[in-house]
Structure formats: structure tokens, C-alpha cells
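Q: One structure, as C-alpha cells, below. Some questions next.
The values are calculated or read from the model by the stated rules, or taken from the named source; none is laboratory data. Since this is a predicted model, take the numbers as computed values, not measurements. All Cβ positions, even for glycine, are placed from backbone atoms using ideal geometry, and neighbour counts span all protein chains on display.
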Amino acid sequence: MVNIRSASTGDIALIKSILAQYILETELVEETIEQFIVAEVEGRVVGCACLDTARDMVELRSIAVLPAWKQKGIGRSMCEIMEQRAAAVAGKLYVRTTAKGFFGKMGFKALDNSQKPVLWQDCAKCDKLNICMQVPMVLELR
């Protein structure tokens with residue numbers, strides 16, 4: 001049975017470990033821990049996700065599930081919870097991802113790559129923008 005709960009400071013090291021396996025950003029975990037959820041199986045944290053509401057758009061980021069726990073609906077469950085939270089504050093939910101297939105199944109639509117520097121400041125400043133493998137996607141919530 002999967003239990004999904006709000007993350008706490010005690011989860012920071014586990015979240016960073018999960019994110020690091022996928023070469024996802026770990027630097028902001030401490031300062032954004034209140035925006036994270038974690039998925040637990042038998043008391044073990046096996047996944048995480050963050051809903052970033054700090055800017056003028058809402059972004060789902062840092063969503064990851066340990067390899068041994070993939071294909072069990074954990075990512076889907078976390079995504080659905082974050083969609084509900086996002087719908088309370090915005091009409092759209094954005095994501096930058098290399099897992100286009102997963103998010104496509106969740107109802108997200110791919111955006112043109114030219115939207116990345118428009119939507120994300122860090123993309124506009126990035127020297128790897130032209131070779132970036134992340135696909136910008138959006139989900140209409142209302």
C-alpha cells in the first residue's frame with residue numbers, strides 16, 4: 001500500500017538521493033521542502049514530487065520514483081495529487097520533462113521548445129538550451 005504525504009525536513013536526504021539518481025536538481029530541496037510530497041511503501045520513501053508555486057506559473061517538478069518502484073502507479077498517484085493542489089491556485093500546470101510519454105498519458109500537451117525561455121527564466125539564461133532534452137508541457141486544469 002502506498003502512502004503519499006507532505007514531506008518534512010527529515011525527508012530531505014532521501015528526496016535528494018532519489019532526485020540524484022535521475023540527475024535532477026537537488027540544490028533547492030531544503031528551501032522548498034514544504035512544497036514536496038513523498039510516496040512511502042511500508043515506511044520507506046520511494047518517490048517524491050514538488051509543486052512550485054513561487055512564480056507567476058505553477059510547475060510540477062522533481063517528480064521521481066525509485067527504479068524498483070516504477071510501473072506501480074506511484075508516479076501517477078503523486079501527479080494526480082499535485083494536479084488537485086495546482087487546480088486550487090491556477091488554471092494550468094507546467095512541467096519540463098524527459099518523460100514525455102508519462103506526462104502525455106496524464107493529459108499534458110507538449111509545447112514548442114521556443115516556449116521554454118519564455119516560460120522559464122533559467123532556460124533563457126542556459127547555455128545548453130539548444131541541446132536540452134527537456135520537453136515543455138502543460139496541463140489545462142479548468
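Q: What pairs can you find where one residue is in the stretch 118-135 and under 18 Å from residue 99 (Cα atoms), the other is at pLDDT 85 or above and β-branched (Val, Ile, Thr), and their Cβ atoms are less than 8 Å apart, with a gap of 6+ or different chains?
A: 133/98; 134/97; 134/98; 135/97; 135/98
Q: Let me ask another. Restricting the stretch 1-30 to residues that are of a type in the set (Asp, Glu) and modelled with pLDDT of 95 or more, which is surrounded by the most Cβ atoms within 10 Å (Cβ to Cβ)?
A: Among residues in the stretch 1-30 that are of a type in the set (Asp, Glu) and modelled with pLDDT of 95 or more, the one surrounded by the most Cβ atoms within 10 Å (Cβ to Cβ) is 11.
This table checks each residue for (1) touching a helix residue (DSSP H, G or I) at 6+ places or on another chain (Cβ under 9 Å); (2) modelled with pLDDT under 90; (3) on the phi > 0 side of the Ramachandran plot.
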{"residue": "71", "(1), (2), (3)": "no, no, yes"}
{"residue": "87", "(1), (2), (3)": "no, no, no"}
{"residue": "93", "(1), (2), (3)": "yes, no, no"}
{"residue": "103", "(1), (2), (3)": "yes, no, no"}
{"residue": "113", "(1), (2), (3)": "yes, yes, no"}
{"residue": "129", "(1), (2), (3)": "yes, yes, no"}
{"residue": "136", "(1), (2), (3)": "yes, no, no"}
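Q: Identify all residues within the stretch 49-61 that are among the aliphatic types (A, V, I, L, M) and either surrounded by 14 or more Cβ atoms within 10 Å (Cβ to Cβ) or in a helix (DSSP H, G or I) (or both); write none if there are none.
A: Hits for the stretch 49-61 are 49, 51, 57, 58, 60.
Q: Check whether at least one residue in the stretch 43-59 is at pLDDT 95 or above, small (Gly, Ala, Ser), within 12 Å of the chain's Cα centre (by Cα) and within 26 Å of residue 109 (Cα to Cα), and report yes or no.
A: The answer is yes, given that some residue of the stretch 43-59 is at pLDDT 95 or above, small (Gly, Ala, Ser), within 12 Å of the chain's Cα centre (by Cα) and within 26 Å of residue 109 (Cα to Cα).
Q: Taking the stretch 66-92 on its own, how many of its residues are outside any helix (DSSP H, G or I) and farther than 21 Å from residue 31 by Cα?
A: Selection size over the stretch 66-92: 9.
Q: Would you confirm whether any residue within the stretch 85-103 is hydrophobic (A, V, I, L, M, F, W, C) and closer than 15 Å to residue 15 by Cα?
A: Checked the stretch 85-103: no residue is hydrophobic (A, V, I, L, M, F, W, C) and closer than 15 Å to residue 15 by Cα.
Q: Name the residues in the stretch 62-80 that are of a type in the set (D, E, K, R) and surrounded by 21 or more Cβ atoms within 10 Å (Cβ to Cβ), would you?
A: Those that are of a type in the set (D, E, K, R) and surrounded by 21 or more Cβ atoms within 10 Å (Cβ to Cβ): none in the stretch 62-80.
Q: Could you grab me the full set of residues in the stretch 98-117 that are touching a Leu at 6+ places or on another chain (Cβ under 9 Å) and either in contact (Cβ under 8 Å) with a residue 24 or more places away in the chain or closer than 18 Å to residue 63 by Cα (or both)?
A: Residues satisfying the conditions are 103, 106, 107, 108, 109, 111.
Q: If you take the residues in the stretch 93-110 that are assigned to a helix (DSSP H, G or I) and basic (Lys, Arg), which one is nearest to the chain's Cα centre (by Cα)?
A: If we take residues in the stretch 93-110 being assigned to a helix (DSSP H, G or I) and basic (Lys, Arg), then 100 is nearest to the chain's Cα centre (by Cα).
Q: When you check residue 46 against the structure, is it farther than 25 Å from residue 141 by Cβ, part of a strand (DSSP E or B) and either touching a Phe, Trp or Tyr at 6+ places or on another chain (Cβ under 8 Å) or of a type in the set (S, T, N, Q) (or both), yes or no?
A: yes
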